[in-house]
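See below for the structure under consideration.
The values are calculated or read from the model by the stated rules, or taken from the named source; none is laboratory data. On a predicted model such as this, the values are computed, not experimentally measured, just so you know. Cβ: placed from backbone, ideal geometry, glycine included. Neighbour counts: every protein chain shown.
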Amino acid sequence: MVDKSILLDNKKFTLGVFDDPDKLLHAVDKLKKKGVKIFDCYTPFPVHHLDKALGYERSNLTIGAFLCGLMGSLSGFTLAYSMNVVDWPMIIGGKPNSIGMFTSFIPV
């Protein structure tokens, strides 16, 4: 339970406790329309569209994660190719490894 004396004595912040995500979104919209600046909302589970209601912009983290994953995949393929074809080629049955057998470099 929330101590009411904390809410009445401190004029620097407002604290609200909601038992329904829709009530939280409605309160955020109402406070935004009144001009109150909301810094953050803490919830025990994700509330969809709360980031839009608070005015957060989309993060560029997804682009960075995709580029790092792509770079890691290409580095791994290049490493496997260079070791198995260029540096230490394995000739099995008189047939050397080449780029045509790229499926042998894909880890399962």
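Numerical summary
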{"item": "Positions within region 83-93 being modelled with pLDDT of 70 or more and either in contact with a Lys or Arg (Cβ under 8 Å, 6 or more places away or on another chain) or not in a strand (DSSP E or B) (or both), in sequence order", "result": "Met83, Asn84, Val85, Val86, Asp87, Trp88, Pro89, Met90"}
{"item": "All helices (runs of 4 or more DSSP H) inside region 17-82 with 3 or more residues being free of Cβ contacts under 8 Å to residues at least 12 places away in the same chain", "result": "21-33, 61-81"}
{"item": "Selected residue (criterion: farthest from the chain's Cα centre (by Cα)) from residues of region 23-60 that are loosely packed, with under 10 Cβ neighbours inside 10 Å and of a type in the set (D, E, K, R)", "result": "Lys34"}
